[in-house]
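One structure is given here, and the rest of the page talks about it.
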């Protein structure tokens, strides 16, 4: 039943938008659906599935339904890495690499600090350490935003931190989709 609802929403998302579509104008329909709306809908589904999988994995590993990448500081670490790359005016691939590395370093830091706290419930210590590290990294991101060039870097940083599916192109989706699916398949098989 949920899958049928999801498919109905996908079809609705493909048909509803800024420009009305009609079956009589087939070339326009094809362009809008395949080049604009289709990639956005597929990207939204992949992003949603990936975020859900990340949260589920954290909750399963730590046996705590409150744990998520946000709680453990991963999101703040990734944001800090991306902001640093943008402040250094690096290319977009390096922004992504820095974001990935920042997330990994944040997890490593949370795990390292959390494992050093003796005499406490280890899972609770890990979660609380994640909240503290995430908050500190978020504060550093805010500080760096105040130091960024307000006309060039700050809008790019803000846009990256907020995220958007408005400009997803089929070529970009062709690169990201196999990576997302490759990460999701083992998780589905291990459940």
Report task. Sort through 179, 165 and tell me the only one that's out of contact with any strand residue (DSSP E or B) (no Cβ under 8 Å at 6 or more places or on another chain), free of Cβ contacts under 8 Å to residues at least 12 places away in the same chain and surrounded by 11 or more Cβ atoms within 10 Å (Cβ to Cβ). Result -> 179
**Report entry** Flag for residue 65 being at pLDDT 80 or above, in contact with a helix residue (DSSP H, G or I) (Cβ under 6 Å, 6 or more places away or on another chain) and either within 21 Å of residue 101 (Cα to Cα) or surrounded by 12 or more Cβ atoms within 10 Å (Cβ to Cβ) (or both)
**Finding:** no
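Hey, among 188, 132, which residue is modelled with pLDDT of 95 or more, touching a helix residue (DSSP H, G or I) at 6+ places or on another chain (Cβ under 9 Å) and closer than 29 Å to residue 61 by Cβ?
132
The rows are residues; the columns are (1) over 21 Å from residue 41 (Cα atoms); (2) surrounded by 10 or more Cβ atoms within 10 Å (Cβ to Cβ).
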position	(1), (2)
146	yes, no
156	yes, yes
160	no, yes
169	no, yes
172	no, yes
187	yes, yes
Query raised in the report: How many residues are surrounded by fewer than 20 Cβ atoms within 10 Å (Cβ to Cβ), in contact (Cβ under 8 Å) with a residue 24 or more places away in the chain and closer than 16 Å to residue 64 by Cα if we restrict to region 108-126?
Result: 1
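What about residue 81, is it in contact (Cβ under 8 Å) with a residue 40 or more places away in the chain, assigned to a helix (DSSP H, G or I), under 19 Å from the mean Cα position of the chain (by Cα) and within 18 Å of residue 54 (Cβ to Cβ)?
Details: in contact (Cβ under 8 Å) with a residue 40 or more places away in the chain: no; assigned to a helix (DSSP H, G or I): yes; under 19 Å from the mean Cα position of the chain (by Cα): yes; within 18 Å of residue 54 (Cβ to Cβ): yes.
Answer is no for this residue.
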**Report entry** Filter result for residue 102 (at pLDDT below 90, at negative phi and surrounded by 15 or more Cβ atoms within 10 Å (Cβ to Cβ))
**Finding:** no
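The values are calculated or read from the model by the stated rules, or taken from the named source; none is laboratory data. What you are looking at is a predicted structure, and each value in this text was computed from that prediction instead of being measured. Because the Cβ atoms are built from the backbone with ideal geometry, glycine has one as well, and the counts that use them run over all protein chains shown.
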